[in-house]
Structures are given as structure tokens and as C-alpha cells.
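Below you'll find the structure, written out as C-alpha cells, and then a few comments.
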Amino acid sequence: MTLLIRHGHVLNPADGTDAVADVLVEQGVVKEIAAEIDVAADRIVDAEGCYVMPGFIDMHVHLRDPGFEQKETIETGCLAAARGGYTTILAMPNTRPVADNPDVISYVHHKAEDVGIVHVLQAGAVTKGQKGEELSDIAGMVKAGIPAISEDGKSVMDTGLYREAMKLAAEHGIVVLAHCEDISLVRGGVMNEDGNARELGLPGITNSVEDVIVARDIMLSGDTGAKLHLCHCSTKNSVWMTKVGKEAGIRVTAEVCPHHFTLTSDDIRKKEAVMDAEKKVMTEADADPDFKMNPPLRTKEDVQALREGLRDGIMDVISTDHAPHTSEEKNTSMKRAPFGIVGLETAAALTYTELVLGGYLTPMQMAEKMSSRPAEILGLKKGDIRPGNTADLVIFDPRSTYRIDKNKFAGKSKNTPFHGREVTGKVRMTIVDGMPVYEDRNESV
């Protein structure tokens with residue numbers, strides 16, 4: 001198929017291209033980028049007024065498949081990714097069975113190939129069954145194609161065992177993705193430890209829960225030479241420690257999720273008390289579980305530090321931590337509901353609205369943090385749309401303003417705190433291997 005994208009504003013961080021130009025795609029590869037391309041094409045796309053960028057890459061996605069298909073499947077997760085402008089996603093290993101061996105890794109990769117929507121990579125678990133007791137078959141999973149290991153959903157609390165995993169990761173040239181949470185400090189917390197938690201009568205999670213493990217993991221990275229990537233950073237000290245680690249020559253990178261640079265604990269909506277028809281009593285007012293995530297929404301001071309960290313290049317990547325749950329799971333109390341929100345279909349608009357229009361990032365930096373930098377960290381030959389490279393592209397319209405509507409999500413679950421929020425910026429088309437896999441039909445997400 002020959003595809004000609006005309007008059008778009010091309011942004012390619014890999015070579016600094018920043019110009020209105022045409023993009024010619026032939027047989028899945030970018031053939032030419034030039035001011036005017038006059039050739040016959042199977043399809044011509046008018047991208048005037050839109051950015052044409054390398055397809056987004058999400059380093060942190062929960063596809064829930066195998067084992068939790070009621071929340072998400074590889075197919076529905078890929079549909080959500082395509083709708084959000086993502087052409088490559090990295091799935092976390094906390095499935096059932098856990099992705100701790102080559103067989104599960106191959107299952108995900110083969111199923112994703114059969115689905116054929118976006119590129120899916122699978123991360124391997126650090127320990128068998130994510131029990132924190134014995135290392136997984138890291139070498140075998142590397143042969144099966146993992147670019148990274150992670151214990152996401154928890155931290156490996158046995159520091160000596162984790163150090164051995166980091167050494168193996170360094171030997172095999174893969175990344176260690178770190179969920180930084182000292183479980184001994186959590187003590188049943190469900191939201192940030194602050195006045196909002198006290199007002200709601202809910203147990204809090206302090207910044208130290210994250211900060212203690214961030215410090216430990218950076219030191220272990222320096223000790224072993226492993227490439228460490230800090231997932232879903234939420235505290236001001238995570239930004240500071242990432243900066244210090246980089247200045248010390250440690251191989252550490254870090255990501256921030258849109259919910260953490262957009263919302264604070266002040267934004268948590270309260271659920272009103274309602275009459276329980278069966279018990280004929282009023283339930284207590286509670287917080288909305290769609291605002292329950294791990295790490296939790298922090299303070300304005302933390303949010304500002306995260307935004308500045310992204311602006312200053314300390315924080316490298318914007319990831320989603322897409323974590324789908326069923327409505328039944330979330331439609332309960334804040335204490336009982338699982339942690340996590342979906343994010344694939346809202347990340348680009350939130351990034352553009354909060355960070356680009358907010359003056360923290362340029363559109364080029366948005367493309368860097370959502371595409372070229374993740375590719376670089378994971379060692380992928382992606383995130384670069386120079387001629388000769390794979391045509392994984394996103395056409396993003398910075399003029400479209402609308403309200404997020406979770407009922408129109410392509411993903412299976414709808415657990416988002418952003419329902420009804422006004423945003424600017426919409427994915428108009430997602431192209432994978434030169435083929436459009438999503439096209440906006442002038443409907444709001």
C-alpha cells in the first residue's frame with residue numbers, strides 16, 4: 001500500500017525535523033519526507049493543521065491477558081492503544097499465570113501478532129510467580145524476546161535477590177522497570193497521606209513509601225551497572241533523586257503518568273451518601289474509587305516538581321500505567337476497590353493540554369517523551385520516522401477541544417477519573433507498519 005500524508009507538521013525528535021511537509025509511505029516504510037510530493041498513491045490523507053509524529057510508545061501497560069480477560073484482552077487493549085496514538089506498547093507481567101517464563105512471553109507475542117493492531121512487547125517478571133523468593137528464568141525470557149524485567153504491582157523487597165536480578169539484566173542488556181513501593185510502609189493506605197485523607201477518614205500513603213525504594217534501586221543500579229527505569233514517579237523526591245543519580249553517572253531513567261502530572265489529592269471527588277435499599281440505611285460518604293491509583297495522587301508541590309522534571313529533561317518518558325478494572329470491582333468503597341485507572345485513550349490529550357498548552361513542553365518534546373525516548377530506553381528501532389524506517393506514525397490534531405467520554409472508549413474497562421474533563425488535542429489517525437489501524441470519525445473519545 002502507498003500512503004501519502006499531505007501538508008502535516010512533521011515532528012521527528014530523532015533528527016530534529018520540524019516542518020510542514022508531505023510524508024510518503026510505501027510497503028510499510030517511510031519512503032520520503034519533502035515539501036511537496038507529487039506521486040500516485042493508494043490513499044491520500046490531508047493532515048493540514050495536524051502534527052505528524054512517530055507513533056507513541058507506552059512502556060507501561062497492563063493488558064490483563066492471560067488470566068484477567070474480564071478486565072482487558074490483548075485485542076481490546078490494542079484497540080485502546082491505537083485509539084490513543086500508540087503503535088507499540090509494553091505489557092506488564094502481573095497476569096495469571098505470571099509472565100515469568102518463555103511460554104507466557106511467547107503466548108502474548110503470538111496472540112498480539114494474530115490480533116495485528118499494534119506492536120506488543122511483553123516484560124518478564126523478576127521473580128517466579130512475583131513471590132519475591134526465587135528469580136525467574138531471565139535468560140530464557142530474553143531469548144523469547146523480552147526487552148525488560150519488572151515486578152510491577154509491587155517491589156522485590158529482598159534487596160540481595162533484586163541485586164542478582166539487576167546483574168543478570170545488565171549482562172543481557174535489558175532494562176529493569178521499577179515499581180517503587182516499600183510494602184512495610186503502606187499499612188493499608190489507599191490515598192495520599194494528607195488533610196484530604198484525614199477528612200475522608202481514609203488511611204494514607206506517605207511519599208516515603210516510594211522514595212525509600214527509589215533511593216535503594218538507584219544505588220543498586222549504580223552498583224550493578226543495570227539500566228534502571230523508574231515507573232510511575234509521583235513525588236518531588238523521586239525527581240530530585242533521579243537528577244542526582246544521572247549526575248552521578250548512574251544509568252537511571254524515569255517516567256511520569258498523566259494522572260500524576262495533572263491531578264492532586266484535592267481533585268478526588270467525594271461519593272455522596274446514598275440510601276441502601278436492602279438495609280434501608282444511608283451509606284457513608286466516601287471517595288470515588290476511580291481516583292484510587294498506586295502510587296496515589298499527591299500534592300500540588302509534587303505535581304509541580306513532576307512537571308518541571310519533565311520540562312528540564314530529568315524525567316524522560318510519559319507512560320500511562322494503563323490498569324483496567326471492571327465496573328463491579330471499582331463500584332465499591334475506596335478501601336475495597338483495586339488500585340488503577342485506564343490511560344491509553346486519554347494520555348495524548350492530557351499531555352498536550354496540561355504540558356504543551358501549559359508551557360512545560362514543546363510539541364517536539366511531547367513527541368520525544370512519548371515516542372523516541374521510550375524507544376531509545378528499550379533499545380527499539382522505532383520512534384524515528386526518517387526515510388527507510390518503519391512507518392509507525394500518529395497524526396495528532398492540536399486544535400480539537402472536547403470532553404472525555406469514557407462510554408466511547410475502545411478498551412474493555414472504563415475506570416478513569418477524567419470522564420467529562422475538557423481537553424485539547426485528538427488523535428486523528430494511527431498508522432502501524434504503513435497501514436491505518438485507527439481513524440477518527442469526528443467523534444469524541
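Assorted remarks:
- Rg followed by Dmax, in Å, when the range 48-119 is reduced to its Cα trace: 13.1, 47
- On Cα atoms only, tilt of 300-311 relative to the major axis of the chain in degrees: 30
- Sequence-ordered 3J(HN,Hα) estimates for the range 57-67 from the Karplus curve with 6.51, -1.76 and 1.60 and θ = phi - 60° stand at 10, 9, 7, 8, 9, 9, 8, 6, 10, x, x Hz, glycine and proline given as x.
- Within the range 88-245, DSSP assigns beta bridges of which about 5% are antiparallel (rounded to the nearest 5).
- Of the GluC sites (Glu not before Pro) found in the range 9-54, the ones in coil according to DSSP and having at most 16 other Cβ atoms within 10 Å of their Cβ are E36, E48.
- Rounded to the nearest 10 degrees, the inclination of helix 159-172 to the longest alpha-carbon principal axis of the chain is 10 degrees.
- Cleavage-rule hits, GluC sites (Glu not before Pro), the range 284-342, DSSP coil, Cβ neighbours within 10 Å at most 13: E284
- Average silhouette area of the range 316-433, convex hull of alpha-carbon atoms, in square nanometres: 8.7
- Links that overshoot a 27 Å alpha carbon limit, given the list K300/K408; K131/K243; K236/K406; K31/K382: K300/K408; K131/K243; K236/K406
- Ordering T346, G225, N294 by the projection of their Cα atoms onto the charge dipole of the chain, which places +1 on the Cβ of Lys and Arg and -1 on the Cβ of Asp and Glu, puts N294 at the extreme positive end.
- In order along the range 196-203, the phi-based Karplus estimate (6.51 cos²θ - 1.76 cosθ + 1.60, θ = phi - 60°) of 3J(HN,Hα) comes to 5, 5, 5, 5, 8, x, 10, x Hz; Gly and Pro are listed as x.
- Degrees separating the helix 74-83 axis from the principal Cα axis of the chain, which is the longest one: 60
- DSSP beta bridges in the chain [antiparallel fraction, %, rounded to 5]: 55
- Per residue accessible area of the range 107-194, 1.4 Å probe, in Å²: 41
- Selection from H110, P436, H60 lying farthest towards where the dipole of the chain points positive, charges on Cβ: H60
- Applying the criteria of a DSSP loop state and at most 15 other Cβ atoms within 10 Å to the trypsin sites (Lys or Arg not before Pro) of the range 93-153 yields K131.
The values are calculated or read from the model by the stated rules, or taken from the named source; none is laboratory data. Everything quoted here is computed from the prediction, not taken from an experiment. As a convention, Cβ positions derive from the backbone with ideal geometry for all residues, glycine included, and neighbour counts pool all protein chains shown. Note: accessible area is taken over every heavy atom of the protein model, side chains too, but ligands, DNA and RNA are not part of it. Shrake-Rupley method; radii C 1.70, N 1.55, O 1.52, S 1.80 Å.
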